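Remarks on the structure that follows.
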Ligand code: PRP
């Protein structure tokens with residue numbers, strides 16, 4: 001385990017098992033639909049790559065960078081589109097793929113935005129969900145509910161570090177305080 005972690009909360013085996021289940025759920029629900037999975041960069045990158053390979057129907061892939069956090073551990077309260085969406089949503093059933101939903105700010109309004117651009121439907125698939133969601137978004141496909149602690153690994157960062165850990169763990173408080 002990385003020494004900066006207090007403990008691992010979800011290990012590689014659990015992640016892999018749950019991602020496969022989510023892939024099966026999406027496969028069942030999206031048969032015969034033109035489906036576009038959008039990776040919300042950067043945190044979702046490993047989840048997206050694994051999820052796409054767990055889905056057994058033809059899919060399209062898109063990428064967008066939305067960010068509400070800067071280098072700290074709390075939300076800045078503003079969403080920034082760092083990189084515009086690389087995909088045409090018109091006539092597609094869209095699944096937004098997120099690593100974590102905390103306040104829900106990052107995705108609030110984005111689904112409506114894609115519908116106004118011609119998407120036929122928009123659903124959210126998030127690997128992790130924290131308990132104190134403040135914004136009204138519905139997570140159709142959810143990996144794990146987690147406690148309200150600062151977590152890193154499997155794409156999630158603190159000041160751009162720890163993204164490449166293959167598991168998800170709680171960062172020691174002394175690292176960021
Ligand atoms: C993180 C995470 C989600 C968002 C969740 O992204 O990847 O996109 O915050 O928080 P919210 O539900 O309170 O909006 P971040 O802005 O840190 O960018 P990153 O994915 O590039 O790390």
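The values are calculated or read from the model by the stated rules, or taken from the named source; none is laboratory data. Worth saying up front: this structure is predicted, and the values here are computed from it rather than measured. FYI the Cβ positions are ideal-geometry reconstructions off the backbone, even for glycines, and counts take in every protein chain you see.
Working only within the range 106-141, note down all residues that are within 13 Å of the ligand (Cβ to nearest atom) and assigned to a strand (DSSP E or B).
Within the range 106-141, 124, 125, 126, 127, 128, 129 meet the criteria.
Would you check which residues across the range 95-105 are under 21 Å from residue 61 (Cα atoms) and within 9 Å of the ligand (Cβ to nearest atom) and list them?
98, 99, 100, 101
Considering only the range 112-136, state which residues are surrounded by fewer than 21 Cβ atoms within 10 Å (Cβ to Cβ) and farther than 15 Å from residue 90 by Cβ.
Scanning the range 112-136 gives 112, 123, 129, 130, 131, 132, 133, 134, 135, 136.
With respect to the numbered conditions (1) touching a strand residue (DSSP E or B) at 6+ places or on another chain (Cβ under 7 Å); (2) free of Cβ contacts under 8 Å to residues at least 24 places away in the same chain, which one is the sole condition not fulfilled by residue 37?
(2)
Select from the range 160-177 the residues that are in a loop (DSSP other than H, G, I, E, B) and within 13 Å of residue 10 (Cα to Cα) and list them in ascending order. Outline the logic, then answer.
Step one: of the range 160-177, the residues in a loop (DSSP other than H, G, I, E, B) are 160, 162-167, 172, 177.
Of everything in the range 160-177, those that are in a loop (DSSP other than H, G, I, E, B) and within 13 Å of residue 10 (Cα to Cα) turn out to be 165, 166, 167.
From the set of residues in the range 33-50 that are within 14 Å of the ligand (Cβ to nearest atom) and part of a helix (DSSP H, G or I), which is surrounded by the fewest Cβ atoms within 10 Å (Cβ to Cβ)? Working first, answer last.
Of all residues in the range 33-50, those within 14 Å of the ligand (Cβ to nearest atom) come to 38-48.
Filter once more, so that each one left must be part of a helix (DSSP H, G or I): 45-48.
On the way: 45: 17, 46: 22, 47: 26, 48: 23.
Of everything passing the filter in the range 33-50, 45 is surrounded by the fewest Cβ atoms within 10 Å (Cβ to Cβ).
Could you figure out which of (1) over 16 Å from residue 48 (Cα atoms); (2) buried (at least 17 other Cβ atoms within 10 Å of the Cβ); (3) in contact with a strand residue (DSSP E or B) (Cβ under 8 Å, 6 or more places away or on another chain) isn't true of residue 104?
It fails just one condition, (3).
Just to be sure I understand, how many residues within the range 77-93 are within 16 Å of the ligand (Cβ to nearest atom) and at pLDDT 90 or above?
Of the residues in the range 77-93, the ones within 16 Å of the ligand (Cβ to nearest atom) are 77-86.
The next check asks that each one be at pLDDT 90 or above; those that pass are 83-85.
Number of matching residues: 3.
Just name the residue that is surrounded by the fewest Cβ atoms within 10 Å (Cβ to Cβ) out of those in the range 142-159 that are part of a loop (DSSP other than H, G, I, E, B) and within 12 Å of the ligand (Cβ to nearest atom).
148
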